[in-house]
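Notes to accompany the following structure.
The values are calculated or read from the model by the stated rules, or taken from the named source; none is laboratory data. These numbers were taken from a predicted model, which means no experiment stands behind them. Here Cβ is always computed from backbone atoms with ideal geometry, including for glycine, and neighbour counts include all displayed protein chains.
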Amino acid sequence: MNLRGALCLAMVLLTIAQAVPLLSSQAAKAPDPKELAAVEKIRARIEEQSKKSATAKPAAYKVTIPNTTVSYGMAPIPAGEFTMGSDAPGAKPDEQPAHKVKLDAFWMQTHEVTWDAYLMFMFTDQAREKEHPDALVDALSRPTAPHLEMSFGRGNQGFPAISMTQYAASKFAQWLSAKTGEFYRLPTEAEWEYACRAGGEPAPKPLDDVAWYKKNSPQGNFTSGTYHAIGTKKPSAWGLYDMLGNVMEWTLDQYAPYAAAAQQNPVVPSKTSYPHAVRGGSWNDEEPAVTCTARVKSDASWKRQDPQLPKSVWYMTDAQWLGFRLVRPASLPSALDMYRAWNNGVEVDPF
Amino acid sequence: MPSTPRTHADGIERREFIKKTGAGVLAAGFPAIISSQTVTNAVKVGLVGSGGRGTGAAAQALTADAAAELTAIADIDEAIVDRAANRLKGSEKFGARVKIDNAFFGLDAYDKVINSGVDVVLLATPPGFRPQHLTAAVNANKHVFCEKPCATDSPGVREVIAAQKLAQTKNLALVGGFCWRYNNMIQEAVQRVHNGELGRLVAHYSTYYTNPVKPMPPESERPAGMSDIEWQIRNWYNFTWLCGDSLVEQAVHNADKIMWIMKDQPPASCVAIGGRAVPANGGNIFDHFEANYLFPNGYRVFLANRQSTGCYNATHDYVMGTEATLVLGVGQPRIETPDGKVKWQFEGEAYDMYQKEHDVLFASIRSGKPKNDDLNLATSTLLAIMGRNAAYSGQQLTWDQVLNSQVSLVPKPVEWNAKHEVPGLAIPGRTTMA
């Protein structure tokens, strides 16, 4: 085979690699059969649900968590291609090289997940699950009771949930999927950046119009800043609030350097507990760190106040500027891919 | 259940070897003197109570001192002990120094750890057992890290005070687990209060509003044949004799800050209220308290805690003086003037207070000046007990009444297979705690 032939073959292989479904390339350990069986049941519920309410046309819609008054919005994010990262002067090394990424369509939560919703996941009584038993939901892993007060006095109602691990955010996604009959997971880093850009500039000006960040976040007792009620700044062109600032948001990806090659639905599977990619900047960040391209690496020090061993797989006691939002892919993946989106397999910290 | 030693064969050999060599003689000379840079300077650590907190404390001990070795470990059953040992052994940083020759389980396992040839003992069981464990450790000439709170009743606190005095007489280290005292952020804040930056102190409003910690499972989950004592220990957070109640187990951190600001001088009296809104499922702790303390010079302290879901949550302290207020737990520690101006705010990096406790403990042992002046271990615990007893009884209690109270909550002896009915929830006005 000559050089050109080898290159062609390499291109073909590359294309095949890109075409594999999301997450199935994850080099994780074999799935837990019991857990996988539970995921299959949730998938069946989702399929059943989608027959009832066919959503052929992507449109914005609202979901109320069953048996509660807590709701959230979903915004359609069209399939498309964009340039991920930045080669602009001043771009950080980890934002380079800018590269083409093609994504399938999905929905994204219009707002960061609130304490109102997250506390229902933490405490079954808050979700009224005893009055409305559901074997599928009852069997799911839920966070242990925290020893600390996890909002750290910053307020609960209408405020974004904070200080959870990526694993906890993923388990919330599983819980919410089982409750609502819609498949949710964390966004991949590419999906997050694509949605944040909303077809526009990665660093909108003036930032103050769209984001709570270091400069505008001090409030009341919180002289060094705090998070604010969700949706109190202007939304993006795609109807998303607080993508920049307020709280940083977990993505599904292990943090890794970018490759130059074009990619389709990329995701970097988790192999180690740290770092994972966190996006969007927060109330605690200066303006240059609050852009659609800026990347943050999760770190073990985010659990420093946790005095237990092993440290909790649910809480990041020292990340009071860290939250998340979920996406719902337009097409339902396999049970195995769902399982992998909800089980990063690296939740126990090395020590 | 009898405690069962599982002494590893290689462990015996190593111990015998050390005894037979000069190194053994030197090692026996520990704690006061340790020759540095030799194999014989290993500090042998024993862990009593190997749940999450105890395992964490062991990790911190092994991190604090490069020659510390974990050689003995105890808990109520083998599974808990094995889980902790395996986790610690798995550490890249210090796994090689986890050399557990002696793993014990059962209610007398603490004694076996203490007498297994260790130099330092870490006490991290439910607090009801702490006085007994601490006394045994000090009697056996061990240096101690003693988690908070140190007791669940007044007789227990008195036992701890006696053990502290004995530790001082014997020049043994005794570091208490009131971690905030080892936090540079709060140290600086309290120093400023002591320097007079708030003016004359007027009042302190202190809260620990949070979620339930370890809710009681229904009786239907109790395995057939499990004794009362075992069931209670396995659900220790729900029983006053074991945990002290939420005010004593958790809000004792607030009690400690209160006493710290008061330079550990006690209040004159206390009136408190408390109760329970959510069914106790067979446990007997309250889920909320508000204790009002009167200190000398008319200084009033209001300590409130709650362990409920769906409520307003915050853990804060407002220490109010005639000129300014110290605010802790809401944003950065800071001092504000009445017009809302920030007079001081903590800047810099707060260090890991849990690690610091052990850094201080081991450095003090190494230096030959064992730290044993954490007298707040007893007094801060007693302040919380005072609030709880005042709430349970519905009476105004004085410090002396609480310090001298004969009300003993911990059964003596605690026997694994024993029947043990706990009193129901306290009823203020009927329950006696004097």
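Computed values, structure above
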| item | result |
| --- | --- |
| Among (1) under 22 Å from B:R234 (Cβ atoms); (2) in contact with a helix residue (DSSP H, G or I) (Cβ under 8 Å, 6 or more places away or on another chain) - the single one B:K112 does not satisfy | (2) |
| Residue check for B:Q168: in a helix (DSSP H, G or I), away from chain A (no Cβ under 14 Å) and either touching a His at 6+ places or on another chain (Cβ under 7 Å) or crowded, with 20+ Cβ neighbours inside 10 Å (or both) | no |
| Complete set of residues in the stretch A:286-301 that are under 19 Å from A:S224 (Cβ atoms) and either assigned to a loop (DSSP other than H, G, I, E, B) or of a type outside the set (V, I, T) (or both) | A:E286, A:E287, A:P288, A:A289, A:V290, A:S301 |
| Restricting the stretch B:335-371 to residues that are in contact with a Phe, Trp or Tyr (Cβ under 6 Å, 6 or more places away or on another chain) and within 10 Å of another protein chain (Cβ to nearest Cβ), the residue that is farthest from B:A173 (Cα to Cα) | B:M353 |
| Failed condition for A:K205, given (1) outside any helix (DSSP H, G or I); (2) within 25 Å of B:V330 (Cα to Cα) | (2) |
| Enumeration of residues in the stretch B:289-331 that are within 19 Å of B:H194 (Cβ to Cβ), without any contact (Cβ under 8 Å) to a residue 60 or more places away in the chain, more than 10 Å from every other protein chain (Cβ to nearest Cβ) and hydrophobic (A, V, I, L, M, F, W, C) | B:F295 |
| Every residue from the stretch A:315-351 that is of a type outside the set (S, T, N, Q) and closer than 20 Å to B:G90 by Cβ | A:G345, A:V346, A:E347, A:V348, A:D349, A:P350, A:F351 |
| Residue among B:A42, B:A68 that alone is at pLDDT below 95, over 22 Å from B:F129 (Cα atoms), more than 20 Å from the chain's Cα centre (by Cα) and not hydroxyl-bearing (S, T, Y) | B:A42 |
| Residues satisfying the stated conditions in the stretch A:208-239, i.e. closer than 30 Å to B:A314 by Cβ and not in a loop (DSSP other than H, G, I, E, B) | A:D208, A:K214, A:K215, A:N216, A:Q219, A:F222 |
| Residues that are touching a Ser or Thr at 6+ places or on another chain (Cβ under 8 Å) and within 12 Å of another protein chain (Cβ to nearest Cβ), drawn from the stretch A:275-301 | A:W283, A:N284, A:A300 |
| So B:A42, is it free of Cβ contacts under 8 Å to residues at least 60 places away in the same chain, touching a helix residue (DSSP H, G or I) at 6+ places or on another chain (Cβ under 8 Å) and surrounded by 19 or more Cβ atoms within 10 Å (Cβ to Cβ) | yes |
| Residues located in the stretch B:408-434, provided they are within 26 Å of B:Q164 (Cα to Cα), more than 21 Å from the chain's Cα centre (by Cα) and either among the aliphatic types (A, V, I, L, M) or surrounded by 17 or more Cβ atoms within 10 Å (Cβ to Cβ) (or both) | B:M433, B:A434 |
| Residue in the stretch A:302-318 that is outside any loop (DSSP other than H, G, I, E, B), within 12 Å of another protein chain (Cβ to nearest Cβ) and modelled with pLDDT under 95 present | yes |
| Among (1) in contact (Cβ under 8 Å) with a residue 12 or more places away in the chain; (2) farther than 17 Å from B:A151 by Cβ; (3) charged (D, E, K, R), the one test that B:K369 misses | (1) |
| Residues (assigned to a helix (DSSP H, G or I) and hydroxyl-bearing (S, T, Y)) located in the stretch A:173-199 | A:S177, A:T180, A:Y194 |
| Residue satisfying condition, being more than 25 Å from A:F106 (Cα to Cα), of a type in the set (G, A, S) and at pLDDT 95 or above, within set A:S170, A:S224, A:S177, A:S217 | A:S217 |
| Sole residue being more than 20 Å from the chain's Cα centre (by Cα), more than 13 Å from chain A (Cβ to nearest Cβ) and either surrounded by 23 or more Cβ atoms within 10 Å (Cβ to Cβ) or closer than 27 Å to B:D317 by Cα (or both), chosen from B:L174, B:L198 | B:L198 |
| Residue, surrounded by the most Cβ atoms within 10 Å (Cβ to Cβ), within the stretch B:241-270, restricted to residues that are out of contact with any Gly (no Cβ under 9 Å at 6 or more places or on another chain) and of a type in the set (V, I, T) | B:I258 |
| Those helices (runs of 4 or more DSSP H) lying entirely in the stretch B:203-270 with at least 3 residues within 19 Å of the chain's Cα centre (by Cα) and within 14 Å of chain A (Cβ to nearest Cβ) | B:252-261 |
| Any chance A:N246 is in a loop (DSSP other than H, G, I, E, B), in contact (Cβ under 8 Å) with a residue 24 or more places away in the chain, in contact with a strand residue (DSSP E or B) (Cβ under 9 Å, 6 or more places away or on another chain) and within 14 Å of another protein chain (Cβ to nearest Cβ) | no |
| Among residues of the stretch B:66-121, those that are within 14 Å of chain A (Cβ to nearest Cβ), in a loop (DSSP other than H, G, I, E, B) and either of a type in the set (S, T, N, Q) or within 24 Å of B:G176 (Cβ to Cβ) (or both), counted | 2 |
| Filter pass, A:T272 being β-branched (V, I, T), within 14 Å of chain B (Cβ to nearest Cβ) and in contact with a strand residue (DSSP E or B) (Cβ under 6 Å, 6 or more places away or on another chain) | no |
| Members of the stretch B:142-173 that are without any contact (Cβ under 8 Å) to a residue 60 or more places away in the chain and polar (S, T, N, Q) | B:T169 |
